[in-house]
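Below: the structure, in structure tokens.
The values are calculated or read from the model by the stated rules, or taken from the named source; none is laboratory data. This is a predicted model, so every value here is computed, not measured. Counting neighbours? That spans all protein chains shown, and the Cβs are built from the backbone with ideal geometry, glycine included. Note: areas computed on protein heavy atoms with side chains; ligands, DNA, RNA excluded. Shrake-Rupley method; radii C 1.70, N 1.55, O 1.52, S 1.80 Å.
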Amino acid sequence: MNENPEKTTHFGYKPVAETEKASMVADVFHSVATKYDVMNDLMSFGIHRLWKRQTIASSGVRKGHHVLDLAGGTGDLTAKFGQLVGDTGQVVLGDINSSMLKVGREKLHNLGLVGNIDYVQMNAEALPFPDNSFDLITIAFGLRNVTDQNKALRSMYRILKPGGRLLVLEFSKPEHQVLSKAYDFYSFNLLPKMGELVANDGESYKYLAESIRMHPDQETLKAMMNEAGFEQTTYQNLTGGIVALHRGFKY
């Protein structure tokens, strides 16, 4: 009898060994990286830009600040933060996936955004920075893909400066049943077909839809942030709760 069974987690709706999830998620994002921006616009009808704009507005970022855009992917938030922190500040675009980092770096270089932006491949569960390094950490549409979310939140708390804040922008639980049913139909019937047509990968978008349903709801994530040490934690529902923006501070 095996006295030390391997811990399991979920990959979408499928139970998998914890040790396997990171590589499985990596395969998804290696596959979708080059079509990621196009699919974001199609999937959200462009509304993701408003969600990210609200994140920027809630950031409190000023010139000279140090910002970590975690799971920053193709760099939408990094681009704006790079402008806000100025020459005396620094933004780190961090992502576990090398393909996403490559796309993000090329995109921002093509926009002429260089000088105060660094690119680092990293795992959110073990962030490679000293304590008290950043004024702000954002993680947009990335936390649900992390294997051990509690460990990641503790790692983020450690590297925030006292007075710093964390913003988590993530798909969440719709507030109303009618919206929830329409959203489910869209996610499981139309989204994989769009992924197949545009990115030639319906399975990855099926996983993304499932991963949203497995992510903690608004109150659960708020409690997880509190448990990690964050204070004054709040959340704002966007688009009827399809997305929520959580905020917490380190004091």
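In region 59-69, which residues are over 16 Å from the mean Cα position of the chain (by Cα) and assigned to a loop (DSSP other than H, G, I, E, B)?
Across region 59-69, the qualifying residues are GLY60, VAL61, ARG62, LYS63, GLY64, HIS65.
Being within 15 Å of the chain's Cα centre (by Cα) and open to solvent by less than 20 Å² (accessible area, probe 1.4 Å) is the requirement here; does THR147 meet it?
no
Open to solvent by 30 Å² or more (accessible area, probe 1.4 Å), within 26 Å of SER155 (Cα to Cα) and without any contact (Cβ under 8 Å) to a residue 40 or more places away in the chain, is that true of GLU227?
So GLU227 fails the test.
Go through region 86-104 residue by residue and tally those that are farther than 23 Å from SER155 by Cβ and either among the basic types (Lys, Arg) or under 13 Å from the mean Cα position of the chain (by Cα) (or both).
Selection size over region 86-104: 1.
Say we look at region 103-126 and pick out the residues that are charged (D, E, K, R) and either outside any loop (DSSP other than H, G, I, E, B) or open to solvent by 70 Å² or more (accessible area, probe 1.4 Å) (or both); which of these is nearest to LEU68 (Cα to Cα)?
Among those that are charged (D, E, K, R) and either outside any loop (DSSP other than H, G, I, E, B) or open to solvent by 70 Å² or more (accessible area, probe 1.4 Å) (or both), it is ASP118.
Can you find a residue in region 70-85 that is in a strand (DSSP E or B), within 18 Å of the chain's Cα centre (by Cα) and either within 23 Å of LEU208 (Cβ to Cβ) or modelled with pLDDT under 95 (or both)?
Yes: one or more hits.
State yes or no: is ALA244 closer than 27 Å to LYS14 by Cβ, open to solvent by 20 Å² or more (accessible area, probe 1.4 Å), modelled with pLDDT of 95 or more and small (Gly, Ala, Ser)?
no
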